[in-house]
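Below: the structure, in structure tokens.
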Amino acid sequence: MSKEVYFWEKRKAVLINKHDKERVIVPIIEEKTGLQITVERSYDTDLLGTFTKEVKREGSQLDTVRLKAHKGMQLMGLDIGIASEGIFGSHPVIPFIPWNYEIVILIDKKNDIEIVGESGTTATNYDYIVTGEYHEVQEFARRILFPSHFIVLRANNEENTAIIKGIRTWKSLKRIFDQEVNNSKKGKVFIEADTRACANPTRMENIERATQDLVKKMLSRCTICGAPGFIIVDKKVGLPCESCGSPTNEVATKIYACKKCTYTEEEQVEKKQASAGRCMHCNP
């Protein structure tokens, strides 16, 4: 058994979760690290915020996922807590493109370690429309991959607190649409993709990628103190051009750091030169 796996082997952890995320989180972590995970469902994590806005999330994404992990440890009396939290919005660089960013956190109170796995993607069905026409609803539903991906619907607009979630069949979609159009003051409904993990396979895939990133970091040990989570915290550009030797904006060095002992280490990238096509002198 490697020293990386030995650190976690047969230790007990709790995953606090409401929306079936254990389907992708638990098998990956248990298989790769030997950690033994119990799923805690008694606590309603929607109390910390919902995508449909009936409960506003008070803190940041990271604040909220930490609260979840600590709540799980408190409820189960364990010293390792795991939790997940996602956000949907605009791409951080290209605002008109939708974006889903997921984090999966592991907190080890015994060893004072926090490790965060992350994954951001434009591969999301996050979208919404306001309409009173069922043919537009049908077009929207197909676009967001319904019925494998569920739908949320409410009369009038997104501020309406009467929310119908988990719509998963064409028959129920038509019935609820007709019902809520009649309840609407303007004869229109607000329809959006259901972004809860249990209702959205595309989001679940991104949670899986964040979990894989977490495991990679769990198995990366500091070369000085041996603590897990020895990860890349910064990068230096300047890889020389293959043609003229001038520094480019390509990454030349990766900087690793340990949160536990603060040791840092630089690693040169395997690639020795950058393509001339990436050089501002050769290809301005």
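The values are calculated or read from the model by the stated rules, or taken from the named source; none is laboratory data. Quick caveat: nothing in here was measured; it's all calculated off a predicted structure. No Cβ is skipped: glycine too gets one built from the backbone with ideal geometry, and neighbour counts run over all protein chains shown.
Of all residues in region 201-240, those that are within 19 Å of the chain's Cα centre (by Cα), among the basic types (K, R) and under 17 Å from L106 (Cα atoms) total 3. The single condition among (1) outside any helix (DSSP H, G or I); (2) touching a residue at least 12 places away in the same chain (Cβ under 8 Å); (3) under 20 Å from N206 (Cα atoms) that L62 does not satisfy is (1).
Regarding region 5-27, can at least one residue be identified that is surrounded by 14 or more Cβ atoms within 10 Å (Cβ to Cβ), over 29 Å from I151 (Cα atoms) and out of contact with any strand residue (DSSP E or B) (no Cβ under 9 Å at 6 or more places or on another chain)? Yes, the conditions are met somewhere in region 5-27.
Residues being under 21 Å from E118 (Cβ atoms) and either in contact (Cβ under 8 Å) with a residue 40 or more places away in the chain or part of a helix (DSSP H, G or I) (or both): count how many of those fall in region 74-97. Show your work before the answer.
Pass one, region 74-97, residues under 21 Å from E118 (Cβ atoms): 80-95, 97.
Then keep just the ones that are either in contact (Cβ under 8 Å) with a residue 40 or more places away in the chain or part of a helix (DSSP H, G or I) (or both); that gives 80-84, 86, 88.
Within region 74-97, residues that are under 21 Å from E118 (Cβ atoms) and either in contact (Cβ under 8 Å) with a residue 40 or more places away in the chain or part of a helix (DSSP H, G or I) (or both) number 7.
Applying the condition of being charged (D, E, K, R), surrounded by 14 or more Cβ atoms within 10 Å (Cβ to Cβ) and modelled with pLDDT of 95 or more to region 47-73 and asking which residue is farthest from I115 (Cα to Cα) yields K71.
Being touching a Lys or Arg at 6+ places or on another chain (Cβ under 8 Å), exposed (fewer than 15 other Cβ atoms within 10 Å of the Cβ), assigned by TED's automatic domain parsing to the domain that holds E205 and at negative phi is the requirement here; does D44 meet it? First the steps, then the outcome.
Details: touching a Lys or Arg at 6+ places or on another chain (Cβ under 8 Å): yes; exposed (fewer than 15 other Cβ atoms within 10 Å of the Cβ): yes; assigned by TED's automatic domain parsing to the domain that holds E205: yes; at negative phi: yes.
When the stated conditions are applied, D44 passes them.
The set of residues in region 19-53 being of a type in the set (K, R), closer than 30 Å to R154 by Cα and in contact (Cβ under 8 Å) with a residue 60 or more places away in the chain consists of K21, R23, K53. Scanning region 123-159 for residues that are farther than 19 Å from N183 by Cα, out of contact with any helix residue (DSSP H, G or I) (no Cβ under 9 Å at 6 or more places or on another chain) and touching a residue at least 60 places away in the same chain (Cβ under 8 Å) yields a total of 0.
If you go through region 240-263 and keep only what is part of a loop (DSSP other than H, G, I, E, B) and surrounded by fewer than 16 Cβ atoms within 10 Å (Cβ to Cβ), you end up with S243, C244, G245, S246, N249, C261, T262, Y263.
Determine whether G226 is small (G, A, S), closer than 30 Å to V24 by Cβ and assigned to a strand (DSSP E or B). Here the answer is no, as G226 does not meet what is asked.
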